[in-house]
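No value in this document is a laboratory result; all are computed from the given coordinates. Remember, it's a predicted structure, so these values are computed and weren't measured experimentally. Don't worry about glycine lacking a Cβ; one is built from the backbone with ideal geometry, like all the others, and counts go over all protein chains shown.
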């Protein structure tokens with residue numbers, strides 16, 4: 001079932017945008033990283049790095065967790081984007097799976113069928129060449145973080161499947177309740193946005209929760225209208241990634257789908273898992289969602305909140321507090 005089928009052609013949008021759209025674009029660029037920062041707390045020494053926890057907040061043995069992954073036809077594999085340790089552990093987990101699989105990536109924007117065929121049928125000397133062919137943003141995502149994953153997949157000839165909504169389309173969806181933006185869009189893009197934007201909402205409780213996370217990640221400094229637009233862009237990405245995963249299953253029916261994306265996206269209650277359930281027209285498709293959570297992002301054992309099937313506790317990720325004010329004597333130096 002297509003949730004919100006876009007036009008057949010994924011035509012690139014015009015590059016020129018009004019100032020308000022450019023502002024949203026800058027906010028969207030930093031959203032993934034800021035969402036990872038939100039909720040960071042002091043580490044709880046009762047938690048162990050490397051431990052697994054289930055949806056009921058109970059500790060799970062390593063072999064039991066791995067067995068669940070081996071039985072899952074679709075795995076949503078969460079991450080904190082700038083953690084080298086998490087990226088290395090992702091490869092280890094993928095290597096432990098049985099049978100053929102497709103590696104679906106938030107880090108590649110969806111294109112047409114020709115893009116996907118080239119990624120999986122072309123000859124590439126290394127992962128970097130393959131990432132470039134897929135339109136990977138080397139500066140935005142960071143080759144140091146994702147290079148090993150592309151190299152690994154290329155060496156083993158693992159099929160790749162782009163998942164993400166482009167930044168340009170996300171900005172357009174975010175602005176879809178305003179005026180002026182239509183003048184810079186082509187007809188295919190307008191038809192796609194008009195079909196999608198009115199439907200981009202979650203149940204009230206989860207919609208409010210996502211707005212709260214977004215506003216916290218921006219230090220409570222963005223106006224409500226802007227936060228609503230950015231939430232709509234976030235939901236649009238989740239919808240499109242869910243649809244892309246369903247398309248990957250259709251294209252590779254004998255393969256497991258492993259989808260790598262941020263922890264917020266792999267949520268079952270308001271992320272890609274929620275939209276996959278709708279796409280499958282049942283409460284839950286055969287999906288296992290994993291959050292790879294730095295230990296200092298938790299204040300205790302994980303709550304039974306229904307967000308993930310499994311959480312894997314990872315080493316700390318520390319950053320400067322983006323909401324901390326700069327002391328006057330330091331700002332002058």
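Extension gain, residue 91-residue 208: 0.36 nm per intervening residue step, less the Cα-Cα distance, totals 38.7 nm. Full extension of the chain between residue 133 and residue 61 yields a length gain of 21.9 nm, computed as 0.36 nm times the residue separation minus the alpha carbon distance. Set the Förster radius R0 to 25 Å, insert the Cβ-Cβ distance between residue 143 and residue 48 as r into 1/(1 + (r/R0)^6), and round the FRET efficiency to 0.05. The value I calculate is 0.20.
Our estimate of slack between residue 71 and residue 84, defined as 0.36 nm per intervening residue step minus the Cα-Cα distance, is 2.0 nm.
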